[in-house]
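The structure appears right after this line, and notes come after that.
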Amino acid sequence: MHDKEPDSALKCFDNPLTDFFHQANQDLLLAISNLSKKEFAQVYLDKQASEPLPPLPPLLSMQDFTPDTIFHLPSPELGQLDTVSFLHVLRSRHAVREFTPHSTSLQDLSSLLFCVFGGFHRTEDEQECAPFFRRTSASAGALQCVQAYIVAFSVQDLEAGVYYYDGLNHVLCKQGIAPSHTELAKMLSGQFFAENCSFGIFLVVDVQRFFMEIHHCEEL
């Protein structure tokens, strides 16, 4: 990083940090684009051997919370997924800008969190991959850089508040009281249409774990 004006060819996103990140990845891709599969694998192995990664930062889990803040979710109900086609899901997808005040069932919240952020793919033969686990949403090499936090306003049988979702154990860990809908709108850059939502899921990136995957750009 320097104070000189970058070459115009490097200006892609009108943001110096984003441009730098993009160029760093581009340089890496250009360097390996002509390698065979065997050569690429050897470069990767040599890189890991010469620059071993530091210990993986631990994920936040229920062990980091007191027992009175841990809420065990009901087992997810996945049977209804067998009755809905992927085409139907695509056609039903739409943006919502207005919410009618109502409560969401705890069962629906449990199934949603499990399908997207939980250990959906966990099987006994994956134990050798510990501390990694696969889930259905993108997770940057199974590092689980992106974690889900839930702001619950009106979920049946769940106290309003801010929760961390521990996907490995399928539990919610309460971290604080829920903001008002007005406060939430301010956090969402004035998106007032979040008013009356029964809950919100917020994605938070663990930057330390993120750079375990893209460590060649950790200068950012």
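Can you tell me the order of 108-121, 192-205 when each peptide is scored by its average per-residue count of other Cβ atoms within 10 angstrom, highest first?
On the way: 108-121: 18.9, 192-205: 14.8.
Per-residue mean Cβ counts within 10 Å order the peptides as 108-121, 192-205.
With θ set to phi - 60°, apply the Karplus curve 6.51 cos²θ - 1.76 cosθ + 1.60 along region 91-101 and write out the HN-Hα couplings as whole Hz, x wherever there is a Gly or Pro.
So the J values, rounded to whole Hz, are 5, 8, 5, 7, 7, 10, 10, 8, 10, 8, x.
Karplus couplings for region 199-209 from phi (6.51 cos²θ - 1.76 cosθ + 1.60, θ = phi - 60°), rounded to Hz, Gly and Pro as x?
Values, residue by residue: 6, x, 10, 10, 9, 10, 8, 8, 4, 4, 6 Hz.
If R₀ is 45 angstrom, what is the calculated FRET efficiency for the pair L78 and E39, using the beta carbon separation as r and rounding to 0.05?
Details: r = 42 Å, r/R0 = 0.94.
Efficiency for this residue pair is about 0.60.
Multiply the residue separation of A185 and F86 by 0.36 nm, subtract the distance between their alpha-carbon atoms, and state the gained length in nm to one decimal. Walk me through the numbers on the way to the answer.
Numbers: separation 99, 0.36 × 99 = 35.64 nm, distance 3.24 nm.
Computed gain between A185 and F86 is 32.4 nm.
Under a crude label model (7 Å from the Cα following the beta-carbon direction), how far is Q208 from Q175 in nanometres?
Spacing of the two 7 Å Cα→Cβ label points: 1.5 nm.
Give me the one-decimal Kirkwood hydrodynamic radius in Å for region 162-211, with the sum taken over alpha-carbon pairs. Before the final figure, lay out the partial values.
Working: mean 1/r = 0.0783 Å⁻¹.
That comes to 12.8 Å for region 162-211.
Pop a pseudo-label 7 angstrom from the Cα along the beta-carbon direction at both V96 and D108 and give the gap in nm to one decimal.
Placing both labels 7 Å beyond Cα along the Cβ direction yields 0.7 nm.
Bear in mind these aren't lab numbers, they're just calculated from the coordinates by the rules spelled out. Everything numeric here is computed off the predicted structure, so don't read it as measured data. Neighbour counts are summed over all protein chains in view; Cβ atoms, including those assigned to glycine, are modelled from backbone coordinates with ideal geometry.
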